[in-house]
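Q: What follows is a structure written as structure tokens; I'll ask about it next.
Values quoted throughout were computed directly from the atomic coordinates according to the rules given, and no laboratory measurement underlies them. The structure displayed is predicted, hence computed values, not measured ones. A quick note on method: Cβ atoms are made from the backbone with ideal geometry, for glycine too, and the neighbour counts reach across all protein chains shown.
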Amino acid sequence: MTAAGSGTRGRRLDIEGLVKHFGATPAIDSVTLSVPPGALVTLLGPSGCGKTTLMRTIAGFVVPEAGDVRVDGRSIVRLPPERRSTAMLFQSYGLFPHMDVTGNVGFGLRMRGVPQAERERRIGDALRMTRIAELAARFPAQLSGGQQQRVALARAIVTEPDILLLDEPFGALDQALREHMQVELRKLQQSLATTALVVTHDQHEALMLSDLIAVMNAGRIEQFGAPSEVYDRPATRFVAGFMGVENLLAATLEDGRACAGPLIVAGVDGAARSATASATLAFRAEAVRIEAAGSAGSAPAHVVFSSHRGSTVLYELALADDRTILASEPRSGGDVRSPGTAVGVRVDANACTLLTA
Amino acid sequence: MSADERRPWLLLLPALLTLLVFAVAFAMFVSVSLRTQVAGSAVFAGAATFGNYRAALASPAVQDAAWNTVRLAGEMTLLTALLGYPLAYVVARSPSPLFRRGVLFGLVLTLLSGGVTRAYAWLVLLGNRGLVNQALAAIGLPTVRLVHNETGVVIGVVHFLLPFFVLTLLAALRGIPVALEDAARNLGASRWRAFVHVFLPLSIPGLIAAASLSFAGALSAFLFPELLGGGRVRMAANLIYERIVTDYNLPRVAAMAALFLVLALAALAMLAILQRALARRFAPAAEAA
């Protein structure tokens, strides 16, 4: 337990070589991860990638077979859940239906033996911080989904945990409320300077919330980095696909150029140094420039399909070797190219990533 | 009203007819209880009178049986709950489906085996020369009387009630999300305090429902007191049976039976009121809707 009051510095969370199997399948496959004090890190990945198991291991509900979890250098991996200073916001909120909001928020303080007067003060603070002071006497069944989430959040922060754990915190909210709550959570976490770990499968949520993103797949962390890094420079095919990179083309590397059939991109970072002769050329739809057919240096292609995306038009283009790529183009008042139209395609080398994994 | 709107009522017809038959039978039963039997015959005569009820209320045998019935049913229900709650809890929270199915299979098997068979099985086990006493004698301990007394009756009835109690309670316990206990532990509650502060309160409506069912079953116990009580344990049904067989005074026995029925209904009504009050206290979710 940290001392009460503001200005509490966030704690550092270190996960080292954590392993957990369910049956023969690894749920966590030697995961190592460091969360700097006060940072918000998201565990991003598809369902079944081990992100929730990893979070439950940090909270103490899952006992790992190997590895360590340390808070500010102190190992907590052997402690039962109730002796860890982690507060978890459950996906289903887990509010106690037989207690009112005050009872729910005060539960953690009561279990930790905080005296009545201090308990009341801290409950009041937490309710004000989450803007639900007027709901203090309500029961969970009398609250909307958004209000329930605020109660769960108040219940989690009121104990001033070292580590805040949030399991798909916005999954049950509708789109408009979700974005609102994401911003609010981020502001609250920053003002408290509490180290936080968020589990999500939503890349937009991860990009918006995080200081750092750990992309997980099959129990492993595939990439750990800042949102812009993960978005712009995915480290693996999986990360690229999961972060919504539309075009992943098998390419051969010759003389520092990446050749995906007729599409040749010169000067891609790493192409000259690569140890292998082949790689995956990854680029987003907006990195593709569509030019007039036959323009110098462009690869010939034709339009297969087009669809409006508001301010842009998304094209499906077939290259000469029948591989298709997706290209998005700002809608600058011109006509939408109709299927069958011959075009030239060029891809910006700076917007490309070469993936060998 | 169109034919379509009427149709649901047709589905209720068999149930309503069955209820009607019972209502008619019960009305006849009550009307008989108000008559007087001509001595030495099977003829009812005279004007309607509460004389049979007065006689039954004044009878020490009826008073004893009434008290015994309520007391024993209470003891049996308490014992069933003490054995059944941990069993239901372990089954509800067991991570192993094999274990869960095994226990449920055992309980259902108990339900399927007949009462008489089970009563004789208990005699074999618990009798004065039964397996339990043979074992006690073999290790040099004094033998104990386990049947032909209240102990035997309580054992038999509790064993009979246990599956009803556990299956009823289990349905309620499985409705309590595991996430609530996880949340409690995450907030600093030990396993035990998570149980006391979260699981137990939320299980109370289900516990009362299961206990009510068990209590109703215990109140109407007949077979086990008859076969394992050795004629010493008289519960309501046994007294009624004994009086019909010995006196054959139907109006008298009908009045006695009606009184026991009122007693049973009153006891169950009290449990229902308790259940409602506790449901309001421990599960406000239902009230808010």
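Q: Compute, for the stretch A:102-191, the length of the dipole vector about the Cα centre, with Cβ point charges of +1 (Lys, Arg) and -1 (Asp, Glu) only. Units Debye, rounded to 20.
A: That gives a dipole near 260 debye.
Q: Can I ask one more? Report, by chain and number, residues whose modeled amide H sits under 5 Å from the one on residue A:11, excluding near sequence neighbours (fewer than 5 apart, same chain).
A: Excluding prolines and chain starts, which carry no amide H, the hits are A:38, A:195.
Q: Going 7 Å from the Cα of residue B:42 toward and past its Cβ, which residues in the stretch B:224-251 have a backbone nitrogen under 20 Å from where you end up?
A: Under cut-off, by backbone N: B:240-251.
Q: Given the stretch A:13-238, report the % of alpha carbon pairs whose separation exceeds 23 Å.
A: Working: 11915 of 25425 pairs.
The answer is 47 percent, as a whole percent.
Q: Counting pairs of alpha carbon atoms under 8 Å apart in space and at least six apart in sequence, what relative contact order in percent does chain A give?
A: Numbers: 775 pairs, mean separation 59.1, N = 357.
Across chain A, relative contact order equals 17 percent.
Q: Give me the percent relative contact order of chain B, please, defined on Cα pairs under 8 angstrom at least 6 residues apart. Numbers along the way, then the final one.
A: Details: 292 pairs, mean separation 75.0, N = 289.
Relative contact order comes out at 26 percent.
Q: A further question on this structure: What are the ³J(HN,Hα) couplings of the stretch A:137-147, residue after residue, when phi is run through the Karplus curve with 6.51, -1.76, 1.60 and θ = phi - 60°? Round to Hz, x for glycine and proline.
A: Per residue, the Karplus-derived 3J(HN,Hα) values read 9, 7, 9, x, 5, 9, 10, 6, x, x, 5 Hz.
Q: Enter the mean number of other protein chain beta carbons within 10 Å of the beta carbon of each residue in B:173-186, as an integer.
A: Numbers: counts 0, 0, 0, 1, 4, 3, 8, 8, 1, 9, 16, 7, 10, 20.
Counting Cβ atoms of other protein chains within 10 Å of each residue's Cβ and averaging gives 6.
Q: Taking the stretch A:245-355, how much of its Cα-Cα pair set, in percent, is spaced more than 21 angstrom apart? Provide the component values of the computation, followed by the final result.
A: Numbers: 1984 of 6105 pairs.
Summing the P(r) of the stretch A:245-355 above 21 Å gives 32 percent of all pairs.
Q: May I ask for the distance between the Cα centers of the stretch B:49-87 and the stretch B:136-211, given as a whole number of Å?
A: 23
Q: Now for a separate question. How much length is gained on full extension from residue A:144 to residue A:349, taking 0.36 nm per residue of separation minus their Cα-Cα distance? Display every interim value, and only then the final one.
A: On the way: separation 205, 0.36 × 205 = 73.80 nm, distance 4.92 nm.
That works out to 68.9 nm of additional length.
Q: Right, next: Output the antiparallel fraction of DSSP beta bridges having both residues in the protein assembly as shown, as a percent to the nearest 5. Don't jump to the answer; show the numbers that get you there.
A: On the way: 62 of 80 bridges.
Around 80 percent antiparallel, to the nearest 5.
Q: Output the antiparallel fraction of DSSP beta bridges having both residues in chain A, as a percent to the nearest 5.
A: Numbers: 60 of 78 bridges.
Roughly 75 percent of the beta bridges in chain A run antiparallel, per DSSP.
Q: Using 0.36 nm per residue, how much length does the chain from residue B:261 to residue B:116 gain when fully extended, once their Cα-Cα distance is taken away? Could the numbers behind the result be given before it?
A: Details: separation 145, 0.36 × 145 = 52.20 nm, distance 2.46 nm.
Gain on stretching residue B:261 to residue B:116: 49.7 nm.
Q: Evaluated at 20 °C with a viscosity of 1.002 mPa s, what Stokes-Einstein diffusion coefficient in µm²/s does the protein assembly as shown have when Rh comes from the Kirkwood expression over alpha-carbon pairs? Don't jump to the answer; show the numbers that get you there.
A: Values: Rh = 31.5 Å.
The Stokes-Einstein estimate is 68 µm²/s.
Q: Putting +1 on Lys and Arg Cβ atoms and -1 on Asp and Glu Cβ atoms, find which of A:53, A:339, A:352 reaches farthest to the positive end of the dipole of the protein assembly as shown.
A: Highest projection toward the positive end goes to A:53.
Q: Does the stretch B:1-138 come out rounded, prolate or oblate by the C-alpha gyration tensor, with a ≥ b ≥ c the root eigenvalues, rounded set by a/c under 1.5 and, if not, prolate when a/b is larger than b/c and oblate if not? Could the numbers behind the result be given before it?
A: Values: a/c = 2.68, a/b = 1.27, b/c = 2.12.
Here the stretch B:1-138 falls in the oblate category.
Q: What translational diffusion coefficient, in µm²/s and rounded to a whole number, does the Stokes-Einstein relation yield for chain B at 25 °C and a viscosity of 0.890 mPa s, taking the hydrodynamic radius as the Kirkwood radius over Cα pairs?
A: Once the numbers are plugged in, D ends up at 109 µm²/s.
Q: Applying 1/(1 + (r/R0)^6) with R0 = 56 Å to the Cβ-Cβ distance of residue B:141 and residue A:61, what FRET efficiency is obtained, to the nearest 0.05? Display every interim value, and only then the final one.
A: Values: r = 47 Å, r/R0 = 0.84.
Taking R0 as 56 Å, the efficiency between residue B:141 and residue A:61 is 0.75.
Q: Any chance you could check the Cα centroid distance between the stretch B:108-128 and the stretch A:152-174 for me, in angstrom?
A: 54
Q: What's the center-to-center distance, using Cα atoms, between the stretch A:235-257 and the stretch A:121-139 in Å?
A: Taking the Cα centre of the stretch A:121-139 as reference, the centre of the stretch A:235-257 is 49 Å away.
Q: Indicate the helices, whole DSSP H runs only, in chain B that combine a mean Kyte-Doolittle hydropathy of 0.0 or more with a Cα extent along their long axis of 20 angstrom or more. Don't jump to the answer; show the numbers that get you there.
A: Details: long enough: B:3-33 (44 Å, 1.42); B:60-93 (48 Å, 0.63); B:97-112 (22 Å, 1.54); B:150-174 (34 Å, 1.81); B:200-219 (27 Å, 1.67); B:250-282 (47 Å, 1.61).
Taking the DSSP H segments of chain B (at least 20 Å long, mean hydropathy at least 0.0), we get B:3-33, B:60-93, B:97-112, B:150-174, B:200-219, B:250-282.
Q: With angles folded into 0 to 90 degrees, how steeply does helix A:101-111 sit against the dominant principal axis of chain A? Use alpha carbons for both and round to 10.
A: So the helix axis and the longest Cα principal axis differ by about 70 degrees.
Q: Right, here's the next one. Work out, step by step, the length gained on full extension between residue B:104 and residue B:151: first 0.36 nm times the residue separation, then minus their alpha carbon distance; give nm to one decimal. Write out the running numbers ahead of the final one.
A: Values: separation 47, 0.36 × 47 = 16.92 nm, distance 2.63 nm.
Difference between extended and current length: 14.3 nm.
Q: Given the rule -39500 (n - 2.57) for each run of at least 4 DSSP H residues, summed and divided by the residues of chain A, what is its mean residue ellipticity at 222 nm, to the nearest 500 deg cm²/dmol?
A: Mean residue ellipticity at 222 nm (helix-derived): -7000 deg cm²/dmol.
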